[in-house]
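Every number in this text was worked out from the coordinates using simple rules, so none of it is lab data. Quick caveat, the model's predicted, so the values are computed rather than measured. Using ideal geometry, Cβ is built from the backbone for each residue, glycine included, and neighbour counts are taken over all protein chains shown.
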Amino acid sequence: MIKSVLFDLDGTLIFAEKAIIKGIQKCFMMYELNPPEEEKIRKTIGLPLAESFTVLQFSNPEEGANLYREFFLEQPEDIIINPESYKLLDHLVKRNIQIGIVTNRKLAKKLIDKLPFPVPFDIVIDLSLGIQPKPSPEGVLYAITQLKVSPQEVIFVGDTHYDIIAGKSAGVSVVGYSQGIHEREILKEFHPDWMIDSLNEIFTILERA
């Protein structure tokens, strides 16, 4: 029986690609550097922020990451909550299934407070807690411990191969969501337990799990 459903944030519950690209480019411009092309930035989404700035060859990745966080939190209008999440989250809460977020963001809680999610989350795990970023399973395992459930009672939903690796390493069932950052074919290479094109398919998974 499934007692908890954990979600990745970006590309799963929210669509923030536009805001991410805009924020990173703004950081480069503030340092009078040529901003990377959108496609180059897009390929780094899902990595820890400082690592993204390293890949993009920003002069001081940690400083760039901190500058980005400050800018990003001021731009919630550029972030869209996945429309499919409203019905799903409400359904899970009504079924007394715990819901949580495990993200590679550092300040996810502040961002979530600014977004009109229909229900509160039982737990939000971000890098401010000092955990290792995905693909490490540490965040998923920490959430399981805090929610007092076993891995067999948990589903983790994410849109990148980092999510799939983290979930499988933590021993939970993993759902690959194809409408986020990574395409279906990339996700399938990492063998999630289920592949979905819509969050609405989780209703069926819950009936079968």
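Measuring against 20 Å, Cα to Cα, the residue pairs LYS106/LYS148; LYS43/LYS168; LYS18/LYS87; LYS134/LYS188; LYS43/LYS188; LYS106/LYS134 contain LYS106/LYS148; LYS43/LYS168; LYS18/LYS87 as the ones spanning a longer distance. The H on the amide N of SER173, modeled in the peptide plane, is under 5 Å from the matching H of VAL154, PHE156, each at least 5 residues off or on a different chain. Net length available on complete extension from GLN132 to SER59 is 23.9 nm, with 0.36 nm assigned per residue and the Cα-Cα distance removed.
Counted over the chain, the DSSP beta bridges are approximately 10% antiparallel.
The spacing between the range 20-59 and the range 79-114, judged by their C-alpha centroids, is 26 Å. Put in line by how crowded their Cβ is, counting other Cβ atoms within 10 Å and starting with the fewest, ARG105, ARG42 read ARG42, ARG105.
Pairs of Cα atoms nearer than 8 Å and 6+ residues apart set the relative contact order; for the chain it is 24 percent. Compute the Cα gyration tensor for the range 17-77, then decide on rounded, prolate or oblate, letting a ≥ b ≥ c be the square roots of its eigenvalues: rounded whenever a/c is under 1.5, prolate when a/b is larger than b/c in the other cases, and oblate in all that remain. Because its axes are fairly even, with a/c under 1.5, the range 17-77 counts as rounded. Filter the GluC sites (Glu not before Pro) in the range 24-69 down to the DSSP loop ones having no more than 12 other Cβ atoms within 10 Å, then list what survives. Passing sites in the range 24-69 are GLU32, GLU37. Under the convention that each Lys and Arg Cβ holds +1 and each Asp and Glu Cβ holds -1, the size of the dipole of the chain around its Cα centre is about 520 debye. Which of rounded, prolate or oblate describes the range 154-203 when judged by the alpha-carbon gyration tensor and an a/c cut-off of 1.5? Since a/c reaches 1.5 but b/c is at least a/b, the shape of the range 154-203 is classed as oblate. Going 7 Å from the Cα of ARG184 toward and past its Cβ, which residues in the range 139-163 have a backbone nitrogen under 18 Å from where you end up? Taking a point 7 Å out along Cα→Cβ of ARG184, the residues of the range 139-163 whose backbone N falls under 18 Å are 158-161. From least to most packed, judged by other beta carbons within 10 angstrom and beginning with the fewest, MET29, MET195, MET1 follow the order MET1, MET29, MET195. Rounded, prolate or oblate: which fits the range 72-129, taking a ≥ b ≥ c as square roots of the Cα gyration tensor eigenvalues, rounded meaning a/c under 1.5, else prolate when a/b beats b/c? Oblate is the answer for the range 72-129, as a/c is 1.5 or above yet b/c matches or exceeds a/b. In the range 104-205, taking the dipole from charged Cβ atoms about the Cα centre, the farthest positive-side position among VAL149, GLY180, VAL124 is held by VAL124. Restrict the search to the range 111-209; then list the GluC sites (Glu not before Pro) that DSSP places in a loop and that have at most 13 other Cβ atoms within 10 Å of their Cβ. Within the range 111-209, the qualifying GluC sites (Glu not before Pro) (loop, at most 13 other Cβ atoms within 10 Å) are GLU183, GLU189.
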